[in-house]
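Novice: Before we start, here is the structure in question, set down as structure tokens.
Just so it is clear, none of the values below were taken in a lab; they were calculated from the coordinates. Small disclaimer: the values here were computed from a predicted structure and weren't measured. Quick reminder, even Gly has a Cβ in these numbers, built from the backbone with ideal geometry, and neighbours come from all protein chains shown.
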Amino acid sequence: MRKSVGCERRARGASEQDVSVPTYVAFLRAINLGPTRKFPKAAIVEAVEDCGFTDVETYINTGNVCFRCSLRSRAKVEQALEKSFQEHAGFAVPTIVFTPAELRQVAADAVEVAKRHHDTGRHYVSLLKEKPSAAAVSKLEEMDHGEDLAVVRGRGAHLLVVTPTARGRLSNETVEKLLGVATNRNLTVVKHLAEKWGDG
């Protein structure tokens, strides 16, 4: 079975890691949210391995995947993944890639933001494909979001949401209108993945 072969391949890779080969963490946008955008974890692993990437590991069904590859350009890694995801899933899957160090920084920023704002509301992080301009950041942070609050640090837009989503003014959609392509995860997932994959 392909799954067992993949597991064996990943097990061998983990024990024979070449530390010179970079590790990356990718976040897939808007998968498994409805009947037309299903992309199971096994299919994601296969798509990543078909790029020639190794030591592939996923976490839950929201599209979080860690792997190693020889490419040094984040843009080229994203392009390779998006092409393979399109071929395997049958629809476009915007993908946001971080290094382990960048992911650790996003998690550290999240903790600092939460403390500064006294853990106000539910904390979500919109992970950005590109670092936004200072003008775009100011516009998002200074907008009237009602009780909710947006704080941007690097490629992480931290959303502290007090108002229930149905009535709220702040969401990943709001972030994307001003800062470009992003995918949203809750703080618990971001912190867990920083601990799980943040060492590279």
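Novice: Could you tell me how many degrees, from 0 to 90 and to the nearest 10, lie between the Cα long axis of helix 100-116 and the main elongation axis, the longest principal axis, of the Cα atoms of the chain?
Specialist: Here the helix axis deviates by roughly 20 degrees.
Novice: Could you go through segment 58-71 in sequence order and give the Karplus-derived ³J(HN,Hα) for each residue, using 6.51 cos²θ - 1.76 cosθ + 1.60 with θ = phi - 60°, rounded to whole Hz, and x for Gly and Pro?
Specialist: Running phi through 6.51 cos²θ - 1.76 cosθ + 1.60 with θ = phi - 60° gives 10, 9, 6, 9, 8, x, 10, 9, 10, 6, 10, 7, 7, 5 Hz.
Novice: Between Ser73 and Glu57, 0.36 nm times their residue separation minus their Cα-Cα distance comes to what?
Specialist: Result: 3.7 nm gained on full extension.
Novice: Listing Ile31, Ile44 from the residue with the fewest other Cβ atoms within 10 Å to the one with the most, what is the order?
Specialist: Ile31, Ile44
Novice: Round to the nearest 10 and give me the degree value, 0 to 90, for the angle of helix 41-50's Cα axis relative to the longest principal axis of the chain.
Specialist: On a 0 to 90 degree scale, this one is about 60.
Novice: For segment 99-140 and segment 45-96, what is the separation of their Cα centres, given in Å?
Specialist: Segment 99-140 and segment 45-96 have Cα centres spaced 23 Å from each other.
Novice: Find out how many positive minus negative residues lie around Val93, taking Lys and Arg as positive, Asp and Glu as negative, among other residues whose Cβ is under 13 Å from that of Val93.
Specialist: Net of charged neighbours comes to +2.
Novice: While we're on this one: As a footprinting exposure proxy, order Val189, Val111, Val48 by other Cβ within 10 Å, with the fewest listed first.
Specialist: In order of increasing Cβ crowding within 10 Å: Val111, Val189, Val48.
Novice: Please report the net charge: other residues with Cβ closer than 13 Å to the Cβ of Lys83, K and R +1, D and E -1.
Specialist: Counting the neighbours of Lys83, the net charge comes to -3.
Novice: Rounded to the nearest 10 degrees, what's the angle between the helix 74-89 long axis and the longest principal axis of the chain, both from Cα atoms, 0 to 90?
Specialist: Approximately 70 degrees, to the nearest ten.
Novice: Still on this structure, I have one more. At 7 Å along the Cα-to-beta-carbon direction for both Glu87 and Ala134, put a label point, then send me their distance in nm to one decimal.
Specialist: 4.3
Novice: Related question: Do any GluC sites (Glu not before Pro) in segment 97-163 lie in a loop, going by DSSP, with at most 15 other beta-carbon atoms within 10 Å of their beta carbon, and if so which?
Specialist: Passing both the DSSP loop test and the Cβ count: Glu130, Glu147.
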